[in-house]
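Okay, so here's the structure we're looking at.
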Ligand code: SAH
């Protein structure tokens, strides 16, 4: 019986998979990747005789069945996920039946699109004395956000936010941030297809105009929204007081009102 590896493909560029991930792709007898999200160029690391399938049109049960079946025949089976496999995927749901069947499971980290987006934009997610905390989050969809995790509540911290799976509803993101106390002039960076060869797009704006900029650029999928008092730090004079940021960013821990409402979110890493 083989082992099933959940491997992070990284954000897109084929050389941003880890050395361990690439080695497992080369060894694998079978690879199942999320075709809508993983850049196919990453598959260049697969061996010549490897069976490669796209899970785009499979449901959870079909993915599980595929992995279970291939693990009977191959020593190494890879489930290739975009970015890092522990974020916004269905690793737990897929691993459960493998665990139940006694099939060993391994996880290999990947470069998350949050990190890749910051790098593509030339930004830092933390800045001394300005923000030392990063929140990974998203808007709610059919599965509601857990108690206390609404974007308004999280944005009220005034720290860095990496907002996944929400670009389709950028206007609602802006609304949540505004209610949480962020100024209309607060900078926002949207990175579409970070590190994808020839497809990466970095949009810069403010809460006021970012939705329009996304619309004009046709960015409505596979993009990460970065909001942070650390944005633009490189263009500010060294030693500039963090007080300068107060006008644009919310005071920490102020009570926040709820904003916006949930609607469907189509883009997931589920299959
Ligand atoms: N596990 C992935 C996230 C999967 S959820 C990770 O660690 O990055 C899918 C969401 O990730 C998308 O809606 C988008 O918000 C983000 N995303 C994935 N790849 C991206 C990329 N190359 N550039 C920008 N955002 C990306």
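Each value in this text was obtained by applying a stated rule to the coordinates, not by laboratory testing. Not measured: the values here are computed from a predicted model. Positions of Cβ are generated from backbone atoms using ideal geometry, with glycine treated the same way; all protein chains shown enter the neighbour counts.
On full extension, the segment bounded by residue 184 and residue 57 gains 41.7 nm, given 0.36 nm per residue less the C-alpha separation. Residues of the stretch 86-128 with an amide N closer than 12 Å to a point placed 7 Å from the Cα of residue 1 along the Cα-to-Cβ direction: 97-105. Protection proxy ranking for 103-116, 50-63, using the average of other Cβ atoms within 10 Å per residue and placing the highest first: 103-116, 50-63.
Taking R0 as 25 Å, what's the FRET efficiency between residue 44 and residue 202 from their Cβ-Cβ distance, rounded to 0.05?
0.50
Per-residue ellipticity at 222 nm computed for the chain from its helices equals -7000 deg cm²/dmol, with DSSP H segments shorter than 4 residues left out and the rest contributing -39,500 (n - 2.57). Residue ranges 159-168, 26-35, 206-215, 222-231 sort as 222-231, 159-168, 26-35, 206-215 when ordered by packing (mean number of other C-beta atoms within 10 Å per residue, highest first).
Note that the stretch 80-185 shows a convex hull volume over its alpha carbon atoms of 147 Å³ per residue. In terms of Cα atoms, the Rg and Dmax of the chain work out to 20.0, 61 Å.
Across 97, 85, 146, mean-square fluctuation computed from a Gaussian network of the chain (C-alpha pairs under 10 Å connected) peaks at 146. The antiparallel fraction among DSSP beta bridges confined to the chain stands at about 40%. One decimal place: the segment residue 133-residue 92 gains 12.2 nm when fully extended, by the rule 0.36 nm per residue minus the C-alpha distance.
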